[in-house]
Amino acid sequence: MAALFLGMNANAARMDMVDVSNNNGYMSTAEYVSMRNEFGVKALTVKISEGTTFKDGYAASNIANGQAAGLYVNGYHFAHYKTKAQAIAEADYAGQAAKAAGLPVGAVLATDVEAKEQGILSQATNDRNNAAFMKEIQKFGYRADIYTSGSWANNKMTIKGKTGWVAGYPFVPAGKQWYTNNNAWQWSGSAHFRISYGGFDVSQLYTDYYTAGQKSTVKPTNKDAVKANNQEANKNTSKPSNSAKWVKESKTYALKTAVKLRTGASTASSVIAILPAGTTVKTDQAIIQNGYRWVRQPRFNGYGYLATGPVSNTLEYVKSGAAHTYYTVKSGDSWWSIAQHNGLSMTTLASQNSKTIYTTIYPGQRLVVR
């Protein structure tokens, strides 16, 4: 179908959920924040794996950056199973991959059933295999669902009321609704957002199945930690100790390694997200306490806190944003090719060079890529 452009009437359809995969490249927290603020996106569904041989290399960063943007984060597995045994094996593979990528306990991990392998099977066989996958995936602490097309939902398998995430195109005018008996209806596979390149799958939610059930995997070690974590979870922020002094620090850091973003400046605080190496973090304050140097990251509904390293080796986990890595444009280069080569989106690459993706670049020109 034709791409959904940004000038459409915002009331024409809801973009409650977006799903992403390696096909979309690296997605920054800022891009997810834009989706949330400008288009009302609540949830993100991230490709985790496919079959028993493919793990999506962008799953961890999509999960971390989606959480940092305040989105509910779920996952999906692209299925190739033809038998019950294969379905169980794929569920085990998907569950382990999801755990490794940081998908939170209680999230949905849907089975995406649309491959040619299922197309030649009977409805009864698909139902049996899907049930086996969904039962197995729950052993990992994830909730199950089925994603498929509208025609397959009607002919290739059984999708009961108030279950299922169903894709049906094209988009229909305001006032008409499809698949309202299901958890979600994917109404476009080519939506474009203001600061992101390429087309995205967007869905309308009819239940809270994809925005509920997630819980922290952090286990407090004592009653005081339980109380503190509950308070911090409600506010998504915490007050610094009166004995410690915060200082202003407007800096940009790039992570040298994966770092836990927490609700407070303490290792006992709940984990908001695990930010992967290479993530850019902007801070407004810093403090040294409990053996670590902590920085504060402003977020849309409070603050996040992360350690830059132990006091004995400050900035062990991060590098200052002062130094840059440059790329010299060659003949035949484009915003797209340079961004892809450096793991960036085109808009991120352009903005960090104070340009837009519509600005012409020339051979010999130097661009900041890190």
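Brief remarks follow.
- The helices (runs of 4 or more DSSP H) falling completely within segment 100-174 that include 2 or more residues that are closer than 24 Å to THR83 by Cβ and under 22 Å from the mean Cα position of the chain (by Cα) map to 123-137.
- TYR253 vs. criteria assigned to a helix (DSSP H, G or I), modelled with pLDDT of 75 or more and surrounded by 15 or more Cβ atoms within 10 Å (Cβ to Cβ): no
- Restricting attention to segment 69-84 and to residues that are in contact (Cβ under 8 Å) with a residue 40 or more places away in the chain and open to solvent by 10 Å² or more (accessible area, probe 1.4 Å), the residue that is nearest to ARG143 (Cα to Cα) turns out to be TYR76.
- Unmet criterion (only one of (1) outside any helix (DSSP H, G or I); (2) touching a strand residue (DSSP E or B) at 6+ places or on another chain (Cβ under 6 Å)) for LYS82: (2)
- Pairs where the first residue, in segment 27-48, is farther than 11 Å from MET17 by Cβ and the second is open to solvent by 20 Å² or more (accessible area, probe 1.4 Å) and assigned to a helix (DSSP H, G or I), C-beta under 6 Å, 6+ apart: SER28/THR348
- Residue satisfying all of: in segment 183-200; open to solvent by 60 Å² or more (accessible area, probe 1.4 Å) and touching a Leu at 6+ places or on another chain (Cβ under 9 Å); modelled with the lowest pLDDT among these: ARG194
- Test: LYS245 is modelled with pLDDT under 80, open to solvent by 40 Å² or more (accessible area, probe 1.4 Å) and farther than 27 Å from ALA60 by Cα: yes
- Any chance THR180 is modelled with pLDDT of 65 or more, over 26 Å from PHE140 (Cβ atoms) and surrounded by fewer than 17 Cβ atoms within 10 Å (Cβ to Cβ): yes
- Residues that are over 20 Å from ALA273 (Cα atoms) and part of a helix (DSSP H, G or I) occur at least once in segment 31-46.
- Segment 243-281, residues that are among the basic types (Lys, Arg) and over 19 Å from the mean Cα position of the chain (by Cα): LYS245, LYS248, LYS251, LYS256
- Selection within segment 137-177 - in contact with a helix residue (DSSP H, G or I) (Cβ under 6 Å, 6 or more places away or on another chain) and modelled with pLDDT of 85 or more: ILE137, PHE140, ALA144, ILE146, LYS156, MET157, THR158, ILE159, VAL166
- Remark: pairs (first residue in segment 146-169, crowded, with 22+ Cβ neighbours inside 10 Å; second residue assigned to a loop (DSSP other than H, G, I, E, B) and modelled with pLDDT under 90; Cβ separation under 6 Å; 6+ apart in sequence or on different chains) = VAL166/TYR179.
- Some residue of segment 45-54 being in contact with an Asp or Glu (Cβ under 7 Å, 6 or more places away or on another chain), open to solvent by 10 Å² or more (accessible area, probe 1.4 Å) and not polar (S, T, N, Q): yes
- The set of residues from segment 134-145 being free of Cβ contacts under 8 Å to residues at least 40 places away in the same chain and surrounded by 21 or more Cβ atoms within 10 Å (Cβ to Cβ) is empty.
- Segment 17-30, subset open to solvent by less than 40 Å² (accessible area, probe 1.4 Å) and in a helix (DSSP H, G or I), residue nearest to PRO276 (Cα to Cα): THR29
- When the residues of segment 301-358 are filtered to those that are among the charged types (D, E, K, R) and surrounded by 13 or more Cβ atoms within 10 Å (Cβ to Cβ), the one that is modelled with the highest pLDDT is GLU316.
The values are calculated or read from the model by the stated rules, or taken from the named source; none is laboratory data. Everything numeric in this text was worked out from a predicted model, so none of it was measured. Note that each Cβ is placed from the backbone with ideal geometry, even for glycine, and that neighbours are counted across all protein chains shown. Protein only, heavy atoms only, side chains kept; ligands, DNA and RNA dropped before computing areas. Shrake-Rupley method; radii C 1.70, N 1.55, O 1.52, S 1.80 Å.
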